[in-house]
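For reference, the structure is listed below as structure tokens.
The values are calculated or read from the model by the stated rules, or taken from the named source; none is laboratory data. Small disclaimer: the values here were computed from a predicted structure and weren't measured. Using ideal geometry, Cβ is built from the backbone for each residue, glycine included, and neighbour counts are taken over all protein chains shown.
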Amino acid sequence: MTTPLTALHHGDAQVNTMRTVLFVDDEPMLLAGLRRSMHGLRGEWRAAYAGSGAEALALMEAEGPFDVVVSDMMMPGMSGAEFLRAVRERYPATVRIILSGQADDRLVAQCVEITHRFLEKPCETATLRATLEYATSIVFAVRDPAITALVGRIQRLPSPPQLCQELEQRLRNNRASVEEIGELIGRDLAMTAQVLKVVNSAYFGLARELETAQEAVAYLGVEMIRSLVVLNGLTEQVQRQGVPESEIESLWQHSLRVSAAARDLAELEGLPRAVVKESTTAGLLHDAGKLVLAMNFPGRTKQIIADAQARAEAVAVLEREVHGCTHADVGGYLFALWGLSLPVVQGVAWHHAPVRQEPPALGTAMVVHVADVLVHDFFDEVEGGSKPWLDEAYVAAAGYADAVPRWRQALEHGWCNR
């Protein structure tokens, strides 16, 4: 069940949560324009305005955190990068958006590491409003106090890779062709190699090997390419923090298997094309929260795995005991901040607990849940000390209790013939 845009659920009560946004820019004329843009949303948003990073931080100190900050990049005294870094440290749950014109490459690179979205000046009112609406609605839909508390303790909450933001910008500004997207991917040799490695792997069962990024984009589709860019960028950030390459490779292999299995299950049941794409994407990204936890709590993560093995428990059980939430919750919240679609966010966040989606239905969350369980079972993969369990009651409530043996047989047949 998704959360209404202007309310969060606490038990049976709804608490009014008018969303708040703080705009920061040293140009008075631009702030005046933003005031006009937000005038029509004054019933849904409370907007504040600051002429510098220092003024904005003082305002946040006095009034508390805002749901969103939208900052210019080039400002005297305190740059946008310095301001957003301070916001990340003090108010990590705040969505951070850059709204800027031309800037030098060094400053852009700094901001990519600390922002969730990037908008270019001049920004149309409709685009600004849509970005604010989209970012907060999805974050609100998966927010819960345990996740917010954990995010507050995370020192390095990853930001979308620069290539991902360039891809989003290209798709937003025009209807980019396969050739254009392929050319963009092709500029990054490491990303091109990863995309070709994935598309030519056994999981996709191609009759011939693809050789160019353009061919890979045409075959996989933009949504899958976007998720590959996201996961590759995330693993690169995590790898720089010392997470062993063997663990990252293991996660990639499992994620690819679940992605392919989710796609096959969705197609087997004749689900809409959009659900097939969302399931494929969520399957690839479903365990990304493990990387975030490993990067920020390396000692605690190792202890959780050791304790899970000793107790023959799944890692998610121990994560909830230690952190109050699981890697699935963290991944879902992260991708909500990054602006991924709500079905994908829910597919990641609920892959161990599809019961959170009401009413019971065969959608992205349930497809990824079943795919994850069957992959763990067939390839004898454990999470800590046990394999994830199938929520049989939820599957039955959705009307698919008798379908599980058929799904298992179909997937095993496909795996054995690849």
Residue count, the range 107-143, condition over 20 Å from the mean Cα position of the chain (by Cα), modelled with pLDDT under 65 and charged (D, E, K, R), comes to 0
Pairs, first farther than 17 Å from G242 by Cβ in the range 299-316, second hydroxyl-bearing (S, T, Y) and outside any loop (DSSP other than H, G, I, E, B), C-beta under 7 Å, six or more apart: A312/S386; E313/S386; A314/S386
Being part of a strand (DSSP E or B) and in contact with a helix residue (DSSP H, G or I) (Cβ under 8 Å, 6 or more places away or on another chain) is the filter here, so list the residues in the range 20-43 that pass it. V21, L22, F23, V24
Any residue at all in the range 272-292 that is surrounded by fewer than 24 Cβ atoms within 10 Å (Cβ to Cβ), touching a residue at least 12 places away in the same chain (Cβ under 8 Å) and closer than 25 Å to D402 by Cβ? yes
For A314, are the conditions met, namely being in contact with a strand residue (DSSP E or B) (Cβ under 6 Å, 6 or more places away or on another chain) and either farther than 27 Å from P145 by Cα or assigned by TED's automatic domain parsing to the domain that holds V373 (or both)? yes
Within the range 214-234, identify whether any single residue is part of a helix (DSSP H, G or I), within 20 Å of G331 (Cβ to Cβ) and without any contact (Cβ under 8 Å) to a residue 24 or more places away in the chain, and answer yes or no. no
Out of the residues in the range 38-61 that are surrounded by fewer than 19 Cβ atoms within 10 Å (Cβ to Cβ) and touching a Ser or Thr at 6+ places or on another chain (Cβ under 8 Å), which is nearest to V24 (Cα to Cα)? A48
G324 fails exactly one of (1) more than 30 Å from Y91 (Cα to Cα); (2) of a type in the set (G, A, S); (3) out of contact with any Gly (no Cβ under 8 Å at 6 or more places or on another chain), namely (1)
Unmet requirement for S341, which otherwise passes all of (1) under 21 Å from A403 (Cα atoms); (2) among the polar types (S, T, N, Q); (3) modelled with pLDDT under 90: (1)
Wholly inside the range 358-418, helices (runs of 4 or more DSSP H) that include 2 or more residues that are in contact (Cβ under 8 Å) with a residue 60 or more places away in the chain and either of a type outside the set (A, V, I, L, M, F, W, C) or buried (at least 21 other Cβ atoms within 10 Å of the Cβ) (or both) are 364-378, 404-416
Subset of the range 278-305, residues over 14 Å from L362 (Cα atoms) and charged (D, E, K, R), comes to D287, K290, R300, K302
The listed residue being assigned by TED's automatic domain parsing to the domain that holds V230, free of Cβ contacts under 8 Å to residues at least 40 places away in the same chain and either over 25 Å from T301 (Cβ atoms) or of a type outside the set (V, I, T) (or both), out of H323, H352, H327: H352
